[in-house]
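The values are calculated or read from the model by the stated rules, or taken from the named source; none is laboratory data. The shown structure was predicted, so the numbers you read here are calculated from the model rather than taken from an experiment. Neighbour counts run over all protein chains shown; Cβ positions are idealised from the backbone, glycine included. Only protein heavy atoms, including side chains, enter the accessible area calculation; ligands, DNA and RNA are left aside. Shrake-Rupley method; radii C 1.70, N 1.55, O 1.52, S 1.80 Å.
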Amino acid sequence: LCNGDPSVCTSTCGDSEIAFDEECDDGNYDSNDGCSNTCKIETGYDCSGNISVCKPICKDGLIKGSELCDAGTLEGCLDDCSAIDPLYECTGTTTSVCKLKVSE
């Protein structure tokens with residue numbers, strides 16, 4: 001949106017269009033979904049597309065969105081961090097600490 005002479009332009013976060021000063025725009029004003037209420041990409045997410053689709057970054061050591069585990073590696077977590085490997089036990093709510101299960 002531009003007004004005045006000379007023009008002063010501002011963006012409208014939440015309108016599903018990435019403007020000049022926005023990193024993402026997912027069409028809402030919600031934070032904690034990858035694209036903040038100020039249209040900045042949130043830590044632990046990767047966003048792409050003009051109507052931004054944000055996904056948690058697997059193997060970054062941060063449990064975000066749909067991730068059930070993320071230890072910074074795939075050790076203990078399956079490929080997209082959406083499940084814990086059945087051979088491992090993982091603990092933690094913001095990052096995972098995964099250890100091989102002990103056989104009895």
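Among the numbered conditions (1) touching a Phe, Trp or Tyr at 6+ places or on another chain (Cβ under 7 Å); (2) of a type in the set (A, V, I, L, M); (3) open to solvent by less than 70 Å² (accessible area, probe 1.4 Å), tell me where residue 100 comes up short.
For residue 100, the exception is condition (3).
In the range 56-87, how many residues are open to solvent by 90 Å² or more (accessible area, probe 1.4 Å) and in contact with a strand residue (DSSP E or B) (Cβ under 7 Å, 6 or more places away or on another chain)?
Number of matching residues: 3.
Looking only at residues in the range 1-55 that are of a type in the set (Phe, Trp, Tyr) and open to solvent by 70 Å² or more (accessible area, probe 1.4 Å), which one is nearest to residue 82 (Cα to Cα)?
29
Does residue 91 satisfy the criteria of being open to solvent by 40 Å² or more (accessible area, probe 1.4 Å), hydroxyl-bearing (Ser, Thr, Tyr) and touching a strand residue (DSSP E or B) at 6+ places or on another chain (Cβ under 7 Å)?
Yes; evaluated as a whole, the condition is true for this residue.
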